[in-house]
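The next block holds one structure in the form of structure tokens; read it before the comments.
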Amino acid sequence: MLSEAIAWITTHPVGVALLLLLLGALVYFALMRLLKLAVIVLLGFLALSAYYAYTGEEPPDGLKKITEDASRKIEDKAKELREKAKDKAKEVKDALGDEINRAAQESLNKALGGGGGDEDEGSDAP
């Protein structure tokens, strides 16, 4: 009976589609359950941190170490991202600056002389 069901699923496109749909649903719900668990753990950690901050008590050494490690990693990552953002902003500024200068020069040339060249090239004055 089981071998017939497996044979039918593998030989019929509808069976394969149903199997894939079932597997997709299982993966989706497993990921959602893990995400829900992660959110609950994070909320618990935040509640515990708020408790220690509110009461003024010293947290256990393990919690202090975890918090310090996380803070250091976040600061390092933020510093790295800040440097990357500064570099990208400088690249964009340089690229836009050149483009804006060129466009402004073209507009000025059109307004003053009507042509696309420099002012000195088209002048007949001695």
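Just so you know, all these numbers are worked out from the coordinates, no wet-lab data involved. The model shown is predicted, which means the values in this text are computed figures rather than measured ones. Note that we place each Cβ from the backbone using ideal geometry, even for glycine, and neighbour counts take in every protein chain shown.
Spacing of the modelled spin labels on residue 40 and residue 110, each 7 Å from Cα toward Cβ, amounts to 6.5 nm.
Helix content alone sets the calculated 222 nm mean residue ellipticity of the chain: runs of n ≥ 4 DSSP H residues at -39500 (n - 2.57) each, divided across all residues, give -31000 deg cm²/dmol.
Among 44, 56, 24, whose mean-square fluctuation peaks in a Gaussian network model of the chain (Cα, cutoff 10 Å)? Answer for the Gaussian network model of the chain: 24.
Quick check: from the Cα gyration tensor, does the chain come out rounded (a/c under 1.5), prolate or oblate? In terms of gyration-tensor shape, oblate.
Each listed q (0.22, 0.24, 0.25 Å⁻¹) maps to a log10 I(q)/I(0) for the range 1-46 from the Debye sum over equal C-alpha point scatterers, namely -0.75, -0.81, -0.84.
Take the Cβ atoms of residue 79 and residue 101, set R0 to 30 Å, and the FRET efficiency comes out at 0.35. Considering only 39, 16, 92, the mean-square fluctuation computed in a Gaussian network model of the chain, springs between alpha carbons under 10 angstrom, is largest for 16.
Inter-label distance, residue 86 to residue 53: 2.8 nm, where each label sits 7 Å from its Cα along the C-beta direction. Within the listed set 74, 66, 100, the residue fluctuating most in the Gaussian network model of the chain (springs between alpha-carbon atoms under 10 angstrom) is 100. Taking the Kirkwood radius as Rh and the Cα radius of gyration as Rg, the range 20-86 has a ratio of Rg/Rh equal to 1.19.
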